[in-house]
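What follows is a set of notes on a single structure, which appears directly below.
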Amino acid sequence: MTDTYLDLVNSGFTKKIAKQLKLPRPAVLRRHEEGAPLVPGPVLLVADAAAEAEADLVAQQLLGLDLDVHRHAGDTDRLGAIVLVLTGVREPADLAEPMLAVAAPLKRLAPGGRVLVISRAPGEPGALPAPLAAVRQGVDGMLRSLAKELRAGATGNGIVLADGVGVDAPSVVGATRFLLSGKSAFVDGQLLQVTSDGGAVPADWSRPLDGQVAVVTGAARGIGAAIARTLARDGATLVVVDVPAAGEALASVANEVHGTALQLDVTADDAAAKILAHVAARHGRLDVVVHNAGILRDKLLVNMTPAKWDPVLAVNITAPLRITEELLASGTLGPAPRIIALASTSGIAGNRGQTNYGASKAGVIGMVRAFAPRVASLGGTVNAVAPGFIETDMTASIPFAMREAARRLSSLQQGGQPIDVAETIAFLATPQAGGVNGQVLRVCGQNMVGA
Ligand code: NAI
């Protein structure tokens, strides 16, 4: 589905009128293009006083990504990104110097530029001295506020390291690359937790999934079809799953990605068995599972019926729970499995008319947290991606006024595209995201409704 308002205020004669009338102008986001630079200009790297050594390591990693790195603002006229290393802060007063050092350079951040903050986790309650816990938690509020100040499609995100994870660990490098790139166009105001070093940095960043087999449910259209295309682009062989009623569209996605189609209702008792049998017969292995199939049946709870409640829970959470359990129990997953499930910002912030959907999507978050240690013991990860408003057939069914509000009430003043969710899932599927486990990554343009 297209966002006509965004198109109008960014093209031709209507762009001029929008400027004259001072209408809000959501930016055309900088999305990944093959061969385009990772960021649209030089990178300014700033660190707190006690993080100089770690900043040097980050600088080396950025140079390894072919970026033009500057340690002082100087007079570079357009910055592609500002990277703040705040791993050395000990108390809230330590934030002043690095934050004020980037205040003026922020004005020079290019359209579609990036702010990336690398910091350390506040840890479990009672684990750290109060001033240290306070400043580390403070980074969270600072980053979320800063992201809301950025303009012209620029975004701000954080990578939060558990103590013991180095700033140059493969998962930090992988997350840095993703968050600086156009692949994270609709990820904004998020802090991604890296809890262990993760797998190796790939020899070829453009084909990190070479040789792997991925199953995507609900892949006949919308976000699922985009996920299938993106994982195929990154080297995976695809099994695309959808209900028999969507068989024709499913076959065309399967053809497009040179994969195989499996017509299946994910709520069927034998869904996992059918997936395993298909994969064994056609591809011989299974590495990546994406639980994307999902449905809406919105109703206020006062008007709720079993016909609206039961299918939403059955498709969105009971099926992923059962299929994941059976796949893990089968002992046939590849050596570093990746399981990724679609949650929703409705499962985080709640949404009127969605008690059923909210329960199912928050359930997905509970599910990935519960499975995380077990999947880690197999060398793998299980994470959730929580989209905000994404332009698909599903959201086209939302009444116009609600749809328009959902689009504009984010820091980026627009809905995301299926590719934005797909890129985030593709990142979590890579070997170098091995240090990200049991997490929920929002792809919502920093949606402000309730969260
Ligand atoms: P969509 O409605 O366009 O596509 C969903 C696909 O799942 C369809 O092809 C459908 O046939 C399939 N499906 C439904 N029930 C199934 C079943 N029992 N077995 C197998 N396949 C089944 O939806 P969209 O927008 O692409 O959403 C994909 C996922 O992203 C869903 O889990 C949804 O809840 C989630 N999401 C979407 C958001 C959005 O703004 N579009 C926001 C937040 C989450």
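Quick note: the coordinates plus some simple rules give every number you see, no bench work behind them. For clarity, every value in this text was computed on a predicted model and none was experimentally measured. For neighbour counting, all protein chains shown are included, and Cβ atoms are generated from backbone atoms with ideal geometry for every residue, glycine included.
The order of the peptides 90-97, 137-144, 39-46, 385-392 by mean Cβ neighbours within 10 Å, most packed first, is 385-392, 39-46, 137-144, 90-97.
Amide H to amide H distances under 5 Å link Gly416 with Phe389, Ile390, Glu391, where only residues 5 or more positions off or on other chains count and H is placed in the peptide plane.
So if I take the alpha carbon set of the chain, get Rg, then get Rh from the Kirkwood formula, what is the Rg over Rh ratio?
Values: Rg = 21.7 Å, Rh = 22.5 Å.
Dividing the radius of gyration by the Kirkwood radius yields 0.96.
Counting only residues 5 or more places away or on other chains, whose amide H sits under 5 Å from the amide H of Leu264 once H atoms are built in the peptide plane? Answer set, sorted by chain and number: Asp242, Val243. Approximating the spin labels as points 7 Å out from Cα along Cα→Cβ, the Thr318-to-Phe400 distance works out to 3.8 nm.
Electrostatic bookkeeping for Ser344 treats Lys and Arg as +1 and Asp and Glu as -1; over the other residues with beta carbon under 11 Å from its beta carbon, the sum is +2. If you wrap the stretch 216-298 in the convex hull of its Cα atoms and look at it from every side, the mean projected area works out to 5.4 nm². Helix 247-256 and the long axis of the chain differ in direction by around 50°, with both axes built from C-alpha atoms. Remark on the stretch 335-382: hydrodynamic radius 11.4 angstrom, per the Kirkwood mean of 1/r across alpha carbon pairs.
Taken along its three principal axes, the alpha carbon spread of the stretch 38-194 comes to 43, 29, 29 Å, from the longest extent down to the shortest. Within the stretch 347-381, which residues have the backbone N less than 13 Å from the label spot 7 Å out from Val302 along Cα→beta-carbon, could you tell me? Residues passing the 13 Å test: 353. Rounded to the nearest 10 degrees, the angle from helix 355-377 to the longest Cα principal axis of the chain is 80 degrees.
Looking at the stretch 213-443, I'd like the Rg to Rh ratio, where Rg is from alpha-carbon atoms and Rh is Kirkwood's inverse mean 1/r. On the Cα set of the stretch 213-443, Rg over Rh gives 0.95. Taking the C-alpha atoms only, the angle from helix 170-180 to the longest principal axis of the chain is near 80 degrees. Note on Asp7 and Asp393: the extension gain reaches 137.1 nm, defined as 0.36 nm multiplied by sequence separation minus the Cα-Cα distance. With contributions of -39500 (n - 2.57) from each DSSP H run of at least four residues, the per-residue ellipticity at 222 nm computed over the chain stands at -11500 deg cm²/dmol. What does the net charge come to around Gly438 if you take all other residues with beta carbon closer than 14 Å to its beta carbon, with K and R at +1 and D and E at -1? It works out to a net charge of +3. One Cα centroid belongs to the stretch 411-432, the other to the stretch 32-65; the line between them spans 21 Å.
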